[in-house]
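Peer 1: Please read through the structure below; I'll follow up with questions.
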Amino acid sequence: MTNTQVRYYLHGDQKEEDMRLFFCSRCDAFVPQGHFSDPCHPRQRDTNDSRYRAERKTLPTYMKNTEGRKRRPTNPPNCLA
(Lines give C-alpha, C1' and ligand atoms only; values in the text may rest on other atoms or scores of the structure.)
Protein backbone atom coordinates (compact mmCIF):
# COMPACT_ATOMS: atom_id res chain seq x y z
CA MET A 1 0.00 0.00 0.00
CA THR A 2 1.27 3.45 -0.88
CA ASN A 3 0.29 6.89 0.34
CA THR A 4 -1.24 7.65 -3.07
CA GLN A 5 -3.92 4.98 -2.68
CA VAL A 6 -7.41 6.27 -1.95
CA ARG A 7 -9.65 4.33 0.43
CA TYR A 8 -12.62 2.83 -1.44
CA TYR A 9 -15.91 2.68 0.46
CA LEU A 10 -18.93 0.49 -0.25
CA HIS A 11 -22.48 1.52 0.66
CA GLY A 12 -22.70 1.29 4.47
CA ASP A 13 -18.94 1.20 5.20
CA GLN A 14 -17.84 2.88 8.41
CA LYS A 15 -15.60 5.93 7.92
CA GLU A 16 -12.05 5.30 9.10
CA GLU A 17 -11.53 8.78 10.54
CA ASP A 18 -14.95 9.10 12.25
CA MET A 19 -16.56 5.89 13.44
CA ARG A 20 -19.94 7.63 13.88
CA LEU A 21 -20.34 8.00 10.09
CA PHE A 22 -21.05 5.54 7.28
CA PHE A 23 -20.80 5.93 3.51
CA CYS A 24 -24.01 6.32 1.52
CA SER A 25 -23.21 5.67 -2.13
CA ARG A 26 -26.58 7.13 -3.18
CA CYS A 27 -25.71 10.47 -1.61
CA ASP A 28 -21.94 10.11 -2.13
CA ALA A 29 -21.52 11.29 1.44
CA PHE A 30 -20.79 10.09 4.96
CA VAL A 31 -23.92 10.03 7.09
CA PRO A 32 -25.05 8.81 10.55
CA GLN A 33 -26.21 5.19 10.69
CA GLY A 34 -29.86 6.27 11.09
CA HIS A 35 -29.76 7.61 7.53
CA PHE A 36 -30.05 4.04 6.21
CA SER A 37 -33.43 3.50 7.89
CA ASP A 38 -34.76 6.91 6.85
CA PRO A 39 -36.96 6.78 3.70
CA CYS A 40 -34.91 9.61 2.16
CA HIS A 41 -34.58 7.82 -1.17
CA PRO A 42 -38.20 6.94 -2.00
CA ARG A 43 -37.58 6.66 -5.75
CA GLN A 44 -34.79 4.11 -5.39
CA ARG A 45 -35.84 0.60 -6.39
CA ASP A 46 -33.07 -1.19 -4.54
CA THR A 47 -32.86 -1.52 -0.79
CA ASN A 48 -29.77 -0.58 1.18
CA ASP A 49 -28.99 -4.27 1.64
CA SER A 50 -29.32 -5.13 -2.05
CA ARG A 51 -27.21 -2.11 -3.00
CA TYR A 52 -24.46 -3.24 -0.63
CA ARG A 53 -24.59 -6.82 -1.98
CA ALA A 54 -24.43 -5.60 -5.60
CA GLU A 55 -21.42 -3.38 -4.86
CA ARG A 56 -19.75 -6.22 -2.95
CA LYS A 57 -20.28 -8.55 -5.92
CA THR A 58 -18.58 -6.21 -8.40
CA LEU A 59 -15.82 -5.16 -5.97
CA PRO A 60 -13.10 -7.62 -7.14
CA THR A 61 -13.41 -6.48 -10.76
CA TYR A 62 -13.51 -2.81 -9.76
CA MET A 63 -10.42 -3.11 -7.56
CA LYS A 64 -8.54 -4.97 -10.30
CA ASN A 65 -9.38 -2.22 -12.78
CA THR A 66 -8.10 0.54 -10.48
CA GLU A 67 -4.58 -0.88 -10.90
CA GLY A 68 -3.60 -0.24 -7.29
CA ARG A 69 -4.88 3.34 -7.08
CA LYS A 70 -7.58 2.34 -4.57
CA ARG A 71 -7.34 0.40 -1.34
CA ARG A 72 -9.88 -1.40 0.79
CA PRO A 73 -9.19 -3.18 4.08
CA THR A 74 -10.17 -6.83 4.49
CA ASN A 75 -13.65 -7.02 6.05
CA PRO A 76 -14.06 -3.37 7.10
CA PRO A 77 -16.98 -2.51 9.43
CA ASN A 78 -20.22 -2.06 7.51
CA CYS A 79 -23.62 -1.32 9.08
CA LEU A 80 -25.41 -3.29 6.32
CA ALA A 81 -23.27 -6.43 6.29
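The values are calculated or read from the model by the stated rules, or taken from the named source; none is laboratory data. Keep in mind the model is a prediction, meaning the values are calculated, not measured. No Cβ is skipped: glycine too gets one built from the backbone with ideal geometry, and neighbour counts run over all protein chains shown. Areas reflect the complete protein model, heavy atoms only, side chains present, ligands, DNA and RNA absent. Shrake-Rupley method; radii C 1.70, N 1.55, O 1.52, S 1.80 Å.
Peer 1: I'm told Val31 meets every condition in (1) out of contact with any Cys (no Cβ under 9 Å at 6 or more places or on another chain); (2) open to solvent by less than 60 Å² (accessible area, probe 1.4 Å) except one. Can you identify the failing condition by its number?
Peer 2: Against the list (1) out of contact with any Cys (no Cβ under 9 Å at 6 or more places or on another chain); (2) open to solvent by less than 60 Å² (accessible area, probe 1.4 Å), Val31 comes up short only on (1).
Peer 1: Can you name the number of the only condition in (1) among the aromatic types (Phe, Trp, Tyr); (2) part of a loop (DSSP other than H, G, I, E, B); (3) open to solvent by 50 Å² or more (accessible area, probe 1.4 Å) that Tyr62 fails?
Peer 2: (2)
Peer 1: Out of everything in region 1-24 that is surrounded by fewer than 16 Cβ atoms within 10 Å (Cβ to Cβ) and among the hydroxyl-bearing types (Ser, Thr, Tyr), what residue ends up being modelled with the highest pLDDT?
Peer 2: Across region 1-24, the extreme among qualifying residues is Thr4.
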